[in-house]
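The values are calculated or read from the model by the stated rules, or taken from the named source; none is laboratory data. Quick caveat: nothing in here was measured; it's all calculated off a predicted structure. Methodologically, a virtual Cβ is constructed for each residue, glycine included, from the backbone with ideal geometry; neighbour enumeration extends over all protein chains shown. Protein only, heavy atoms only, side chains kept; ligands, DNA and RNA dropped before computing areas. Shrake-Rupley method; radii C 1.70, N 1.55, O 1.52, S 1.80 Å.
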Amino acid sequence: MKKKRAVVSKASCVACGACGNVCPRDAVSVYKGCYAAVDPVKCIGCGLCSMTCPANAIRVEEVFQEEV
């Protein structure tokens, strides 16, 4: 089963919090004021965070999960 998930480049992230503000599932938060962190359980891979990021530090990738 394919699923999409947001992935953050910690080196590029400026910790502005824009991604967390637009996430419909509250899956993105700024970790200790340093970089954005994505909760893989909450993330639905919608891409809003990626489109909003001013530093282009977030991309959406396909991940594979085994069906339960």
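Over the chain, what per residue volume does the convex hull of the Cα atoms give, in whole Å³?
Details: hull volume 5.4 nm³, N = 68.
That works out to 80 Å³ per residue.
Taking 8 Å as the Cα distance limit and 6 or more residues as the minimum spacing, I'd like the relative contact order of the chain as a percentage. Write out the running numbers ahead of the final one.
Details: 133 pairs, mean separation 31.8, N = 68.
Averaging sequence separation for qualifying contacts and normalising by length gives 47 percent for the chain.
Tell me, in nm to one decimal, what length is gained between ALA11 and ILE44 on full extension, where the rule is 0.36 nm per residue of separation less the Cα-Cα distance?
Contour length minus Cα-Cα distance gives 9.6 nm.
Of the accessible area of the chain, with the probe set at 1.4 angstrom, what percent is carbon plus sulfur?
51 percent
Report the label-to-label distance for TYR35 and ARG59 in nanometres (one decimal), using points 7 Å from each Cα along the Cα→Cβ vector.
1.4 nm
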